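Taking it in order: structure first as structure tokens, then the write-up.
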Amino acid sequence: MSLSTASGATVQSPTRKVPAAKIQFLPEDRAWIADRIQEVLATGQLTLGKYGTEFEQKFAQFCGVQHAIAVNSGTSSLEIILRTIGVEEKDVLVPTNTFFATAAAVVHAGGRPVLVDMDPESFGIRPEDLEKKLTSNTAAVIVAHIGGIVSRRLPDLQEWAAQKRISLIEDAAHAHGSSYKGVRAGAFGIAGSFSFYPTKVMTAGEGGMIVTNDARIADEARIYRDQGKASFTVNAHVRMGYNWRMSEPHAIIGLKHLERLPAMISDRQRIAALYARELLALKGLTTVTVPTEGVCNYYKYLVVLNERQDRKTLKTLLREQYGVSLAGEVYEEPLHKQPVFVKYVSGPLPMAEDYCARHLCLPIFSGMEEAEARHVVEALKTVIG
Ligand SMILES: Cc1ncc(COP(=O)(O)O)c(C=O)c1O
């Protein structure tokens, strides 16, 4: 197959390869983790132990909240939060451009997701559409900080949710360390949910975390994550819980990555600053910017193509001719286009359809070299112009 560039120039096969993402564990960190895993293997204290507790305490402190509850995924942390507030037979407002799990958790908790359009400025939920979808049956709204961007409209949303007496929940799976006006992601809502899936800004191998300032939600979450038991040592099952526990080896990995998180975020911010400078001159795309008083962890570096093009062909061209692999979109298709959620669609969601089709996620990861980012910029200049 012959692929041509926007300018029609012939290109050599790529000598440099830039991956979409990389997961970084420094050699000394791997050794630290291995030592502690040896320890828990020797003691047999493999779940709900001291490392899980330490991870929870340090994560809560990092987010600026009072409680954190470690679980085995970001999907279960969302479902647990929803169960603690009670959404059975109720509606939950969910952005349509988020991951499957955000809406799926609502269904698993017995609620009905109501899909809401997106705000192109932040890729977050669109406040104008929220008002239209609110009914007397609405129990909650979930906001997702897509790509790590906390929308500047979040404080208004907080106020709106309080006025309407509905719970604001944050799906902060993308947003470890992101903030707006000094408030960290996870600390805006009645509870926040994080994921430690391997490709996230920090990982625990797998895992999730619930953060909250509400002691009742924290207590309930601990009950739900351990088979609905009243406590670890008591076999009275008081809630319809599940095995949502985090193991000690996962907590050990998470603890080390949490310690590295500020440095890993700075690495990403350095690359993002280079992209922002160098891509300014490109006519074919616009970068998505972070609010003035916001801090972004750059889980994704988002750009929007000014005109709709065949993204698949563009990605193939970048990979095959320039060795540049783009990361997965957020999201390739909005949820209302996913077969399992079609039944929850109530009207058009045009912004999400347009922006989901037109955006790209450039390679960005901790440990990325500036030369790699410059190579990405050069490839984009030739292909998109
Ligand atoms: C926005 C969003 N919500 C929820 C999840 C679910 O997290 P996990 O994969 O840890 O279950 C993910 C990630 O995968 C996500 O990106």
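Restricting the first member to region 38-51 and to residues that are on the phi < 0 side of the Ramachandran plot, and the second to residues that are acidic (Asp, Glu) and surrounded by 16 or more Cβ atoms within 10 Å (Cβ to Cβ), the beta-carbon pairs closer than 7 Å and six or more apart or on different chains are 40/248; 45/248; 46/248; 47/248; 49/248; 51/248. If you go through region 183-197 and pick out every residue that is assigned to a loop (DSSP other than H, G, I, E, B) and touching a residue at least 60 places away in the same chain (Cβ under 8 Å), you end up with 6.
Looking at region 111-121, can you tell me whether even one residue there is part of a strand (DSSP E or B), surrounded by fewer than 21 Cβ atoms within 10 Å (Cβ to Cβ) and away from the ligand (no atom under 13 Å from the Cβ)?
From region 111-121, those part of a strand (DSSP E or B) are 112-116, 118-119; that's our starting set.
So of that shortlist, the ones also surrounded by fewer than 21 Cβ atoms within 10 Å (Cβ to Cβ) come out as 112.
If we keep only those that are away from the ligand (no atom under 13 Å from the Cβ) as well, we get 112.
Yes, region 111-121 has at least one match.
Of a type in the set (A, V, I, L, M), outside the structural domain of residue 291 (by TED's automatic domain parsing) and touching a Cys at 6+ places or on another chain (Cβ under 6 Å): does that describe residue 218? Spelling it out, it is not the case that residue 218 is of a type in the set (A, V, I, L, M), outside the structural domain of residue 291 (by TED's automatic domain parsing) and touching a Cys at 6+ places or on another chain (Cβ under 6 Å).
The strands (runs of 3 or more DSSP E) found wholly in region 198-298 and carrying at least 1 residues that are buried (at least 21 other Cβ atoms within 10 Å of the Cβ) and within 19 Å of the chain's Cα centre (by Cα) occupy 208-212.
The selection criterion, being within 14 Å of the ligand (Cβ to nearest atom), in contact with a Cys (Cβ under 8 Å, 6 or more places away or on another chain) and not charged (D, E, K, R), does not hold for residue 94. Selection within region 184-200: residues that are over 17 Å from residue 262 (Cβ atoms) and not small (Gly, Ala, Ser). The member of this set that is farthest from the ligand (Cβ to nearest atom) is 190. Remark: pairs (first residue in region 74-96, more than 14 Å from residue 211 (Cα to Cα) and modelled with pLDDT of 95 or more; second residue within 10 Å of the ligand (Cβ to nearest atom) and of a type in the set (Ser, Thr, Tyr); Cβ separation under 6 Å; 6+ apart in sequence or on different chains) = 94/102. Pairs only if they're at least six apart or on different chains, beta carbon under 7 angstrom, first in region 309-321 and assigned by TED's automatic domain parsing to the domain that holds residue 284, second assigned to a helix (DSSP H, G or I) and of a type in the set (A, V, I, L, M, F, W, C); list them, first residue then second. Filtered contacts from region 309-321: 314/383; 317/383; 318/379; 318/383. Taking region 344-360 as the range and being over 17 Å from residue 93 (Cα atoms) and either over 23 Å from the mean Cα position of the chain (by Cα) or buried (at least 18 other Cβ atoms within 10 Å of the Cβ) (or both) as the test, the residues that pass are 353, 355, 356, 358, 359, 360. Scanning region 166-181 for any residue that is buried (at least 16 other Cβ atoms within 10 Å of the Cβ), within 15 Å of the chain's Cα centre (by Cα) and without any contact (Cβ under 8 Å) to a residue 40 or more places away in the chain turns up at least one such residue.
Test residue 150 against the criterion of being part of a loop (DSSP other than H, G, I, E, B) and not basic (Lys, Arg), and give yes or no. Walk me through it before giving the result.
Details: part of a loop (DSSP other than H, G, I, E, B): yes; not basic (Lys, Arg): yes.
The answer is yes for residue 150.
Within region 57-71, can you find the residues that are in a helix (DSSP H, G or I) and over 19 Å from the mean Cα position of the chain (by Cα)? Within region 57-71, 57, 58, 61 meet the criteria. Cβ-Cβ contacts under 6 Å between residues 6 or more apart (or on different chains), taken from a first residue in region 60-71 that is in contact (Cβ under 8 Å) with a residue 24 or more places away in the chain to a second residue that is in a loop (DSSP other than H, G, I, E, B) and surrounded by fewer than 24 Cβ atoms within 10 Å (Cβ to Cβ), are listed as 63/187; 64/187; 65/187; 65/213; 66/213; 71/244.
One line per residue, one yes/no per condition, for (1) touching a residue at least 24 places away in the same chain (Cβ under 8 Å); (2) within 16 Å of the ligand (Cβ to nearest atom); (3) under 21 Å from residue 105 (Cβ atoms):
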site	(1), (2), (3)
206	yes, yes, yes
214	yes, no, yes
223	no, no, yes
228	no, no, yes
233	no, no, no
257	yes, yes, no
263	yes, no, no
272	yes, no, no
278	yes, no, no
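Answer yes if at least one residue in region 140-150 is surrounded by fewer than 19 Cβ atoms within 10 Å (Cβ to Cβ) and touching a residue at least 24 places away in the same chain (Cβ under 8 Å), and no otherwise. Working first, answer last.
Restricting attention to region 140-150, the residues satisfying the condition of being surrounded by fewer than 19 Cβ atoms within 10 Å (Cβ to Cβ) are none.
No, every residue in region 140-150 fails to be surrounded by fewer than 19 Cβ atoms within 10 Å (Cβ to Cβ) and touching a residue at least 24 places away in the same chain (Cβ under 8 Å).
The values are calculated or read from the model by the stated rules, or taken from the named source; none is laboratory data. Note that this is a predicted model, so its numbers are computed, not measured. Methodologically, a virtual Cβ is constructed for each residue, glycine included, from the backbone with ideal geometry; neighbour enumeration extends over all protein chains shown.
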